[in-house]
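Following: one structure in structure tokens, then a few remarks.
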């Protein structure tokens, strides 16, 4: 397919494009499920590939009826014929996968990376070709259609391909466009790793409730609903979290007593440092991938 033919296909919608997922983990599955549930494409337009786990591919084929090539020739054919190739392997496998991919990737294709820390420059250098690249950072809530994905683009990504990329990730949640690529590491620290911070908080709340005498079910149910309710309050009212916090904090009341203890332990500062460390680690992972090719 030529570049002009790809553009025509983009105008016609995602359903006209062949998609190949190089890597078949949970994030790749989340995107596939989102696209299929929103009927943006058909299973026969999607290929899912991994290097070794044949049982995983069988599960995905049975679940979604997508194409899951088993032989090396069939895998290569799926990647060669794809309009969009999603890099969905683990960071440690990225260099080897890109060095393999460079032998048959074509300039008219679009590459979409889901790999934390892997820069557009490194992708281009490992592929040894000029190709449009979209770098993204989804999070695990994408698996239930409530994800948050940061997106940035290489200069060669056209406006049409930008819109197409956004449409793909809108199928699994919301998107935030980041024009300065270095800020995508901040997205990784904030929302990419963010669900784990909330789960950590919930673990602590549940355990505290149990220590105070609540049974397991009550502690868990109350914690879950509290977190859901608080998130919905911020979203539905449009108010800042700080303002909502002030509204529920009565002078000399129970909430104030708890918040004063949290502040005395600099919990807000620690959270900030944790998010910064996650962003820093994303950059370190990218440097490791890039350094491995020198």
Among (1) closer than 28 Å to residue 283 by Cα; (2) surrounded by 21 or more Cβ atoms within 10 Å (Cβ to Cβ); (3) modelled with pLDDT under 95 - the single one residue 91 does not satisfy
(2)
Is at least one residue of the range 122-131 in contact with a helix residue (DSSP H, G or I) (Cβ under 8 Å, 6 or more places away or on another chain), under 17 Å from residue 29 (Cα atoms) and in a loop (DSSP other than H, G, I, E, B)?
no
Look at the range 154-184 and say how many of its residues are free of Cβ contacts under 8 Å to residues at least 24 places away in the same chain and outside any helix (DSSP H, G or I).
1
Select the helices (runs of 4 or more DSSP H) contained entirely in the range 31-116, then report the ones holding at least 2 residues which are within 28 Å of residue 192 (Cα to Cα).
54-64, 91-101
Scan 128, 181, 166 and give me the residue that is in contact with a strand residue (DSSP E or B) (Cβ under 8 Å, 6 or more places away or on another chain), more than 29 Å from residue 227 (Cβ to Cβ) and surrounded by fewer than 20 Cβ atoms within 10 Å (Cβ to Cβ).
181
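Per-residue answers, yes or no, for (1) more than 14 Å from residue 27 (Cα to Cα); (2) at pLDDT below 95; (3) in the same structural domain as residue 227 (by TED's automatic domain parsing):
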| position | (1), (2), (3) |
| --- | --- |
| 99 | yes, yes, no |
| 104 | yes, yes, no |
| 133 | yes, no, no |
| 143 | no, yes, no |
| 148 | no, no, no |
| 156 | yes, yes, no |
| 174 | yes, no, no |
| 177 | yes, no, no |
| 200 | yes, no, yes |
State yes or no: is residue 213 assigned by TED's automatic domain parsing to the domain that holds residue 262 and on the phi > 0 side of the Ramachandran plot?
yes
When the range 234-250 is checked residue by residue, the ones that are outside any helix (DSSP H, G or I) and under 21 Å from residue 261 (Cβ atoms) are 248, 249, 250
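The values are calculated or read from the model by the stated rules, or taken from the named source; none is laboratory data. On a predicted model such as this, the values are computed, not experimentally measured, just so you know. Note: ideal-geometry Cβ built from the backbone for every residue, glycine included; neighbour counts use all protein chains shown.
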